[in-house]
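Note sheet for the following structure.
Since every read-out is calculated from the coordinates, none of them should be taken as a lab result. Note that this is a predicted model, so its numbers are computed, not measured. Cβ placement follows ideal geometry from the backbone for every residue including glycine, while neighbour counts extend to all protein chains displayed.
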Amino acid sequence: MALIVEGLKKSYGSLKVLDGVTFSVDEGEFLCIIGESGCGKTTILKIMAGIEKADSGRIVFDSEGRIGFVFQDDRLLPWKTVYENVMFAVKATGLEVNTQAVREIIDLVGLSGFEDYYPKQLSGGMRQRVGIARALAVQPDLLLMDEPFASLDARTRERMQEELLRIVGGKTVVFVTHSIDEALFLADRIVIFSPRPARVVRTVEVGLPKPRDRASQEFAELRGELYRSFDLYGRK
Ligand SMILES: Nc1ncnc2c1ncn2[C@@H]1O[C@H](COP(=O)(O)OP(=O)(O)OP(=O)(O)O)[C@@H](O)[C@H]1O
Ligand SMILES: [Mg+2]
């Protein structure tokens, strides 16, 4: 699924959050949005998912399709097991129940053997994996991910980033993060938001082939450039 986000504006009461946000997402693209805390990143994902309404502007999708959402907090149902949490999303979407497909997705995110565990019996990284499995289980044409790895320790986070690229394959993904390094590792393109009210201040094409080497010279150069540009535009 490809889409165009055009001139989105949104206020909560007198608080202006989005001030004409415009960008596009290509079919199969992994797009990262970075911006500082409170600038409106979650708000824009919610509008894309139809959970919130914009005051003006529009989103044009090139086709009909399902959207998967990985929330900033994991939002698992504590009284349901891993398997039941994922199955719940399938049923809620009205998809035909395919127990084998659900098991395959749980396996894909590396949770085979933990199907019958409850969220409280899982580590933070494992809970995030359930959140990803749940979003994938609705067979999304567009995957929206809201800082899914923010609460993980640095090494686990890097491992999850590597796995994520394998898991999502060529899906269209919009991934929100605070982390320049995370965006550089994952994204085909990075959209930098201004502090609230959010506008797009810069879009960066990351030309490096994947999987990327975080220790490489090219990676370091792009990182330096992005930090400078984030300081110029992304922070006040
Ligand atoms: N339902 C709501 N009612 C009132 N204000 C809201 C609501 N949701 C968000 N806001 C406000 O909108 C602004 C943007 O919030 P949002 O959650 O989109 O930020 P964010 O960029 O995702 O931040 P973070 O990186 O900390 O998650 C914040 O100032 C927040 O207080
Ligand atoms: Mg947020």
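Just a few scattered comments:
- In terms of overall dimensions, the range 81-180 has a Cα radius of gyration and Dmax of 13.1, 39 angstrom.
- Nearest-ten-degree value, helix 217-229 long axis tilted from longest Cα axis of the chain: 60
- Protection-proxy order for peptides 42-51, 135-144, each taking the mean of Cβ atoms within 10 Å per residue, highest first: 135-144, 42-51
- C-alpha center-to-center spacing [the range 126-152, the range 194-211] in angstrom: 21
- Among Ala92, Ala133, Ala101, the residue with the largest mean-square fluctuation in a Gaussian network model of the chain, with springs joining Cα atoms closer than 10 Å, is Ala92.
- Gyration tensor over the Cα atoms of the range 37-112: the corresponding equivalent ellipsoid has semi-axes (square roots of 5 times the eigenvalues, largest first) of 28, 17, 11 Å.
- Taking the longest Cα principal axis of the chain as reference, the axis of helix 82-92 is set at about 70 degrees.
- Using alpha-carbon coordinates, inclination of helix 154-168 to the longest axis of the chain, degrees: 80
- Stokes-Einstein diffusion of the chain at 37 °C, 0.692 mPa s viscosity, Kirkwood radius from Cα pairs, rounded to a whole number: 179 µm²/s.
- Computed over the Cα atoms of the range 76-138, pair by distinct pair, the Kirkwood hydrodynamic radius stands at 11.2 angstrom.
- Computed FRET value (nearest 0.05) for Asp116 with Ile51, which takes r as the C-beta separation and R₀ as 30 Å: 0.50
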